[in-house]
Amino acid sequence: MQRGFSGKSIIMRVELQTGEVQFGQFITLINEKGGDVIAMDVIFTGPGSTIRDITVTVNESAQLQHIVEAVEQLKGVRLSSVSDRTFLLHLGGKIEIKPKVPIQNRDDLSRVYTPDVARVCNAIYEEPEKAYKLTIKRNTVAVVSDGTAVLGLGNIGPYAAMPVMEGKAMLFKQFADVDAFPVCLDTQDTEEIIAAIKHMAPAFGGINLEDISSPRCFEIEARLRKELEIPVFHDDQHGTAVVLYAGLINALKCVGKSIDQVKVVVCGIGAAGIACTQILLSAGVKEIIGVDREGAIVEGHPYDNPMWDWYARHTNPNRISGSLQDVLRGADVFIGVSAGGLLKREYVLTMNPKPIVFAMANPEPEIRPEEVEDIIGVMATGRSDYPNQINNVLCFPGIFRAALDCQASTINEEMKLAAAEAIASVITPEELNSSYIVPSVFHQDVVRLIRKQVIQAAIRTGVARRIPREFRGNVVESAAVM
């Protein structure tokens, strides 16, 4: 019997002796322990017993164990199995590959495999760019991880990282019809990771780096962007930054402040914190102060992390030092990509009127919305159970859809800014309010608008190697466009 359930829902298979226990007693027991029975399926019914699958949900995962223990002690009930619905969903993995056309005879076999396929191989050999037209390269992204920074679990390695990468591939397909494949590498050596990705790159139209620890992720992405001719995007950095900026565009509208006039404090200067800072600098923020465990990052202080040296040179123009509490005085925006509970109500009270608080640490935000809802202008978190979730899913499907469709050689800063502006534009002025600054990940206009504006940015900045038909009316194609 499985123990240590990770979700909030289970399926219990129970055999009830009808002469010893009534089904109503069983349901009452579950309700008393905080469970909610949402489904009952009869597996077998006999003269003296019945076997049923009971689906139970709870508000807190710990309650599930209490329910199981209580059921095991109930006379007339035998608990034969307990299944976590999340684990059931993962049986055999969450994705599969299917052919686009059936192979029904020898002629089909010849054309898809051998010998007739040789003509296609020769065509690509003579003109390598035809790989975009004649192979899966035109619509396929590799989701690559080494398992060193998975969710909030840390360095759990490539095998344990696979469920997350499979899930990412599902999101690519569902939201943007991009075929993505999870690749978890059994190495944490920077040079080996770079080499492995370069070797597999011919098969893919883009590389999505995922859950690679800082600061290694910076060098890996920078090297690959320089050495490959396909887009490389580290979602933990840039996906977070894009959606953050989208939310900030609308949050500033809500409180009536201008982006070039606000003081921004970023708490947590890792991969996401640095990327958020970079996009905000590009968007026109003049004063950003980064804070980590050692306090505010200030130019002139020696740092072991080379990215912190960069950060110190490009931020904190007034060289303010001190703790998070110190630098928040007079700030307009707090951006948290750090750890739960770091931001205190008394700190927020020292910020400028109508402060914007983006507490994005997961699963526990830097401060809970209910602690400051009466003193803030706009609040956002990384959680789905509060308004204004800053979720990377809003970003990466549309960005890669655009990059693949225009065969972009890279995803540059202008394309990221365009993606953020597209996400923000989904919410109309009539809809915009402090509890609705970013759209739902299921909003049907998100990918469409991102695709349009990112392709335009790619064409405008000269990184698009193909101009989709619907964009050709306003541009002149270069000789490099296929």
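Pairs are defined by a Cβ separation below 8 Å, a sequence spacing of at least 6 or placement on different chains, a first member in the range 113-137 that is at pLDDT 95 or above, and a second member that is of a type in the set (Ser, Thr, Tyr); the pairs so defined are ILE124/THR135.
Listed by position, the strands (runs of 3 or more DSSP E) enclosed by the range 146-237 that each have at least 3 residues that are modelled with pLDDT of 95 or more and either surrounded by fewer than 18 Cβ atoms within 10 Å (Cβ to Cβ) or over 14 Å from the mean Cα position of the chain (by Cα) (or both) are 179-184. Among residues of the range 255-283 that are under 14 Å from ALA331 (Cα atoms) and in a helix (DSSP H, G or I), those with a Cβ under 6 angstrom from a residue that is among the small types (Gly, Ala, Ser) and open to solvent by less than 50 Å² (accessible area, probe 1.4 Å), sequence gap 6+ or separate chain, pair up as VAL255/GLY377.
Residues checked against (1) in contact with a Lys or Arg (Cβ under 9 Å, 6 or more places away or on another chain); (2) modelled with pLDDT under 95; (3) buried (at least 19 other Cβ atoms within 10 Å of the Cβ):
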residue: TYR386; (1), (2), (3): yes, yes, no
residue: ARG401; (1), (2), (3): yes, no, yes
residue: MET415; (1), (2), (3): no, no, yes
residue: ILE423; (1), (2), (3): no, no, yes
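Between residues in the range 294-312 that are modelled with pLDDT under 90 and residues that are open to solvent by less than 30 Å² (accessible area, probe 1.4 Å) and part of a helix (DSSP H, G or I), which pairs lie under 8 Å by C-beta distance while being six or more apart or on different chains? Taking only residues 6 or more apart or on different chains, the pairs are GLY300/ALA312; HIS301/ALA312; TYR303/ALA312; MET307/PHE218; MET307/ILE274. Checking each residue in the range 89-130 for being open to solvent by less than 100 Å² (accessible area, probe 1.4 Å), closer than 28 Å to ARG465 by Cα and charged (D, E, K, R) picks out GLU127, GLU129, LYS130. Here GLY330 meets each of (1) within 23 Å of GLU364 (Cα to Cα); (2) in contact (Cβ under 8 Å) with a residue 40 or more places away in the chain; (3) over 26 Å from the mean Cα position of the chain (by Cα) with one exception, condition (1). Of the set (1) open to solvent by less than 50 Å² (accessible area, probe 1.4 Å); (2) of a type in the set (A, V, I, L, M, F, W, C); (3) not in a helix (DSSP H, G or I), all apply to LEU449 but (3). In this structure, is GLU430 out of contact with any strand residue (DSSP E or B) (no Cβ under 7 Å at 6 or more places or on another chain), open to solvent by 50 Å² or more (accessible area, probe 1.4 Å) and part of a helix (DSSP H, G or I)? Answer is no for this residue.
The values are calculated or read from the model by the stated rules, or taken from the named source; none is laboratory data. The structure presented is a predicted model; accordingly, all values stated were derived computationally and were not measured. Methodologically, a virtual Cβ is constructed for each residue, glycine included, from the backbone with ideal geometry; neighbour enumeration extends over all protein chains shown. Note: areas computed on protein heavy atoms with side chains; ligands, DNA, RNA excluded. Shrake-Rupley method; radii C 1.70, N 1.55, O 1.52, S 1.80 Å.
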